[in-house]
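Here the structure comes first, spelled out in structure tokens, and everything after it is commentary.
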Amino acid sequence: MIDKGVVLGWMKNMAISGEECDRLEQTAQKHGASIFQVLLDEKILPEEEVMDFLSLQLEIPVLNLRGMQFAAETSELLSRKFIEQHKIFPIARIGKLITVATSDPFKLGTYDDIKQLTGCDVNWVLVSPSKILAALEEHFSETKGFGEFIAEEDADSVELVRDEDAPSVGESGVDDAPVIKMVNLILVKALKSRASDIHFEPYEKEFRVRYRIDGSLKESFSHSLELYPAIVACTKIISQLDITEKRTPQDGRFRLLLKDKQIDFRVSVLPTYFGEKMVLRVLDRSGIRAGLDKLGFTEKPTRALAEAIKKPYGMILVTGPTGSGKSTTLYSIMNSLNTPQKNLMTVEDPVEYQVEGITQTQVLSEIGLTFASGLRALLRQSPDIVLVGEIRDGETADIAVKAALTGHLVFSTLHTNSAAGAMTRLMDMGVEPFLIASSVVCVAAQRLLRKICPHCKAPVTIPTEALRRCMPPDSELAKITPYKGAGCIKCNMTGYFGRTGASEVLLVDSEIRELVIQKKSSNVIHQVAVGKGMETLFENALSLFLSGVTTLEEVLRVSSRE
């Protein structure tokens, strides 16, 4: 152990007050931990400073794990559960001596357990907690295999919600219980990781599984190819797809019951050179029941959009790139309008969420059921509110616009960069400007930004020049406190946890209508809307940075000041 006086003297030299030292010591005693572990947990001092002090006092070297290669047989001496529980990392074994990285060399119980489990003497080396977690994440994502996956118990917690006429897995020839358990576990881990997509990707000698979490893909595990055909067949069967057809793309869906919560999965299968790639989109219907005010947008765009959907008729458009949350926004709006007095109908490709009380039609181009033909048929069903999944062509745009002019409230999406760009996009599709001006009541452009992880959020210094280029001219830079996630196990060392929305909402009034009739450019329409008080996408995203919700990098990633 290190002399208490030496520790207190060092802490005071690090500008920690006497009162704070007493508090840290009491916290350490309460939790049965060392005072250094409390310093690291509460991020009071940089990890490197603590490791360097421990190294000097205990004469234990500090090791840099970056770029090091680790033998799989060394980590296999201890179970993954034990390694992660004690936040250690086995580095090497030579004869009867095993070298283990730790950030807390005072855990004598862990030291004794390692000796007993491995039959080796233990040589500690010091590594900061964040670097140990990063090494664990990287190492186990590379070495994680089938045996570890089927050993988990979580796979039994899911239940397939099956149609009466759907074949069971066993009836279709895929009755290998470990494979079924593995597929179930991959799905459970996706839900626990908050993944929006699961990617199954075959290569020449192996396949890998990746999860898209907060918009970014992260590898979960890889394995040799012999299991892959059975995994694909199992997934196809529960999705009611043709397991004998491997040359053409297929789309399906299935539903799971996890702890009394129903989760939909949309399945896309695509033939590739080494086999069929599968992408499963996770569709959690609970997210669309929260209402417009719970979507995560700030007050100003939410208030403008809420005002627009009160209109008895007209067209409301939501624009943005793929994966920007347009469907979730529209479904939340539709759900808020879903009452027994209204007839709500949709035509979609594909049907994302199945919502009780709304009549939903799936586009089937192979039999001639397109957006245009489906919308025509739908309008003969006396709808009050109509959702068109996407306006892709002039015919669909023309029918949707005319529906909005004949007493229907029409919602749809477009792929444009800004709210004002939706007007010129409709003109490009051949819709007459006077029809656009008369029908469109509101356009919302939105993006999704990653939120700073609340578990490792810490102040960060951004160069004043960089801030000045982004801030309004009258801003007080000295009062701005930027934040960033340092990276922790909760956020998979990314510094981000969850996403929120940034939006600009263009409300169409008489002046905007006149500009549309005159075929003015989107830039002109945008400038006029800003002059009338519209908060731009960049300004809205920047407000999230100023309030400490996200980082400046995320703001610049999804928007620009121009």
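Observations, loosely collected:
- A residue that is of a type outside the set (Gly, Ala, Ser), open to solvent by less than 20 Å² (accessible area, probe 1.4 Å), more than 30 Å from Asp214 (Cα to Cα) and touching a helix residue (DSSP H, G or I) at 6+ places or on another chain (Cβ under 9 Å) can be found somewhere in the stretch 524-533.
- Taking the criterion of being polar (S, T, N, Q), part of a loop (DSSP other than H, G, I, E, B) and either open to solvent by 50 Å² or more (accessible area, probe 1.4 Å) or under 24 Å from Gly325 (Cα atoms) (or both), the residues of the stretch 335-370 that qualify are Asn338, Thr339, Gln341, Gln354, Thr370.
- Failed condition for Thr102, given (1) more than 20 Å from Ala28 (Cβ to Cβ); (2) surrounded by 17 or more Cβ atoms within 10 Å (Cβ to Cβ); (3) of a type in the set (Val, Ile, Thr): (1)
- When residues of the stretch 500-522 are limited to those that are of a type outside the set (Asp, Glu) and part of a loop (DSSP other than H, G, I, E, B), the one surrounded by the most Cβ atoms within 10 Å (Cβ to Cβ): Val508
- Cβ pairs under 6 Å, 6+ apart, first in the stretch 12-39 and in contact (Cβ under 8 Å) with a residue 40 or more places away in the chain and surrounded by 11 or more Cβ atoms within 10 Å (Cβ to Cβ), second among the aromatic types (Phe, Trp, Tyr) and in a loop (DSSP other than H, G, I, E, B): Ser34/Phe106
- Yes/no for Val209 being of a type in the set (A, V, I, L, M) and either modelled with pLDDT of 90 or more or open to solvent by 20 Å² or more (accessible area, probe 1.4 Å) (or both): yes
- Answer residue from the stretch 281-312, given it is under 25 Å from the mean Cα position of the chain (by Cα), modelled with pLDDT of 75 or more and farther than 24 Å from Asn540 by Cα and is surrounded by the most Cβ atoms within 10 Å (Cβ to Cβ) among those: Leu283
- Cys470 vs. criteria surrounded by 21 or more Cβ atoms within 10 Å (Cβ to Cβ) and modelled with pLDDT under 90: no
- Helices (runs of 4 or more DSSP H) lying entirely in the stretch 371-460 (those with 2 or more residues that are under 32 Å from the mean Cα position of the chain (by Cα) and free of Cβ contacts under 8 Å to residues at least 12 places away in the same chain): none
- Residues in the stretch 243-262 that are loosely packed, with under 13 Cβ neighbours inside 10 Å and in contact (Cβ under 8 Å) with a residue 40 or more places away in the chain: 1 in all.
The values are calculated or read from the model by the stated rules, or taken from the named source; none is laboratory data. Remember, it's a predicted structure, so these values are computed and weren't measured experimentally. Please note: Cβ atoms are built from the backbone with ideal geometry, for glycine as well, and neighbour counts cover all protein chains shown. The protein model used for the area step is the full one, side chains on, heavy atoms only, and it has no ligands, DNA or RNA in it. Shrake-Rupley method; radii C 1.70, N 1.55, O 1.52, S 1.80 Å.
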